[in-house]
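S.K.: Got a structure for you, written out below as structure tokens; questions coming shortly.
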Amino acid sequence: MALTNFLTPFLCLGVARAFTRALIQSLSIVVISLASSSAGYGQVSPTGNGSNSGRDLPIPTAEVRAANGSGAPENWIAAYVDPVQGLSSIELARRALSSNTQLAAARLEIYRASARLRQAGLRPNPTLDFLQLNGVIGTQGERGTTVGFTLPLELFGQRARRIELARAELEASVAEVADRERRLTAEARAAYVEALVALRDLDVTQKLYSLDTETARIVEIRVKEGDASPLDLNLLLAESERLSARRALIEGRLEAAAIKLKQIAGMPPDEMLRLREALDAPLLPAPSVSLDAAIEIALRTRPDLRLARLTEEVALAGYRLAKAEAAPQVSAIVTYTDVLGTFDVTPIGVLSDRDKLIGYGFSITLPILNRNQGAKEAARQAITQAQRRREFTESLVRAEVAAAYRRYEAAQASIQTYERGVIERSEKNVQTMRAAYQAGAFRVTELLVEQRRLVDSQRELIEALAERYRALSDLRAAMGIID
């Protein structure tokens, strides 16, 4: 009885402490839940442009505090992002068109084709012949000199056909360079979006890493006080290290994307590269026409389709030239002959006689054996080949425009689904469970499972945003639009 009286105050004190702790935990959960219903998890005010109709997700902020105190993550983002003076994808593509050395080399083909056109218009050179005659046996005193002039005459349209072929080849060279510019622009935008994806992924990963590290510090204090299990701390630390490893991979991807961007744009390796756009706020305008109108524009403006049509014209011009070259070759000939003759046996002695003669005529080849049969057959096959390639290119253009258009619509619908609450709800769930775990209402494994769901949702959102950007870029390239 005395022992019971002695222990009763301590038992009452323990029950009071437990009741107080439970009451505080419950109130914390209620307060955090109310707070999370009005504020998103790690979001900032959304911004957008005309292409997203005001429904863009918030741009990830670059002001992320490094949990390890090194400041490296925000330095990474600040080194590649400048919303004011950075380069947009349109500006970067323009710089690539003006500075890319491979494109500059391709443009020289236009000058080569111009030189071939000039050469095709030149007429064939005349021929000067010189012949000296000397007497040998019995005519030692006789000698003669002949000078001949031969001028080839292109009477069957050979020169006109050469010019026609060279002009068609020049136009085809211009179209080929234009198609190279289109593909280079698309390549620059693709590298640009890869850099934006890496930046977005790096920002999200760093935010989660910072939160996990902060939670681990709180749990470490609770472990020391005996309110949490050391296993919880180890699980959180393992998750933090996993995010740290992922962050290192993303940083490598970002560096690689920046190197590729500089190479495409013709920038020196040591030049600073900063990006202006955000993945969820592209400056590329959304399609303003229907799918049928987009296909019609592409069939009218795509340089590779124009190249295919011009290649067909080149083949037709080549066939006409082969037919013209099968015609007889006619040359005009003019000769002058000076002949000195001597007569030894005459009643009055040795006599000499000088004759000056002018001759003229024509030289005509006879197309009996070689009528250019092989060249004409090869030209006919080239026409058929060019027609097949043009038909394929037309179908390819239609398919590329339709595919890019549908991809954009699907990505836009996916983003709108995420905007309507997938990410926001997942962030609120993680925020609530984190606060509840700190209050002791959940196990750390439940928090980590929900957090990984959030990470998966964030990655899926990044994938959808990247797909929308790629689809916009591919659609403009498929329509033949070069900024």
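S.K.: Is the C-alpha gyration tensor of the range 444-483 telling us rounded, prolate or oblate? Criteria: a/c under 1.5 is rounded; beyond that, a/b larger than b/c is prolate, otherwise oblate.
M.R.: Working: a/c = 10.26, a/b = 6.93, b/c = 1.48.
Prolate, since a/c reaches 1.5 and a/b exceeds b/c.
S.K.: Which of the lysines could be linked to LYS428 by a straight reach, that is with a Cα gap under 28 Å, when you skip same-chain ones fewer than 8 residues away?
M.R.: Within the straight-line limit of under 28 Å, LYS428 reaches these lysines: LYS207.
S.K.: GluC sites (Glu not before Pro) within the range 231-305: which are DSSP loop residues with at most 13 other Cβ atoms inside 10 Å? It would help to have the intermediate numbers written out before the result.
M.R.: On the way: sites: GLU239, GLU241, GLU251, GLU255, GLU271, GLU277, GLU296; in loops: GLU271, GLU277.
Sparse-neighbourhood loop GluC sites (Glu not before Pro): GLU271.
S.K.: Quick one: order VAL223, VAL84, VAL444 by neighbouring beta-carbon count within 10 Å, fewest to most.
M.R.: Details: VAL223 17, VAL84 6, VAL444 22.
The order, fewest Cβ neighbours first, is VAL84, VAL223, VAL444.
S.K.: Determine the gain in length on full extension of the stretch LYS224-MET272; use 0.36 nm per residue of separation and subtract their C-alpha separation, reporting nm with one decimal.
M.R.: 12.5 nm
S.K.: Return the ratio Rg/(2.2 N^0.38 Å) for the range 131-212, where Rg is computed over Cα atoms only.
M.R.: Details: Rg = 37.2 Å, N = 82, 2.2 N^0.38 = 11.7 Å.
In units of the globular-protein estimate, the range 131-212 measures up at 3.17.
S.K.: Check the straight Cα-Cα distances from LYS376 and name the lysines below 20 Å, setting aside those fewer than 8 residues away within the same chain.
M.R.: Straight-line reach from LYS376, under 20 Å: LYS323.
S.K.: Once each part is reduced to its C-alpha centroid, what is the distance from the range 89-120 to the range 165-227 in angstrom?
M.R.: 29 Å
S.K.: Also: Between GLN102 and GLN381, what FRET efficiency comes out of the Förster formula 1/(1 + (r/R0)^6) with R0 = 30 Å and r the beta carbon distance, rounded to 0.05?
M.R.: Values: r = 32 Å, r/R0 = 1.06.
According to the calculation, E is roughly 0.40.
S.K.: Using a 7 Å offset from Cα along Cα-Cβ at VAL330, what residues in the range 352-394 end up with backbone N under 15 Å from the label point?
M.R.: Answer for this model: 361-367.
S.K.: Provide the gained length on full extension for the span GLN416 to VAL84, in nm with one decimal, where the gain is 0.36 nm per separating residue minus the Cα-Cα distance. Please list the in-between numbers first.
M.R.: Working: separation 332, 0.36 × 332 = 119.52 nm, distance 2.74 nm.
The GLN416-VAL84 span can extend by a further 116.8 nm.
Coordinate-derived values only; no laboratory data. Values in this document were obtained by computation on a predicted structure and should not be read as measured data. Positions of Cβ are generated from backbone atoms using ideal geometry, with glycine treated the same way; all protein chains shown enter the neighbour counts.
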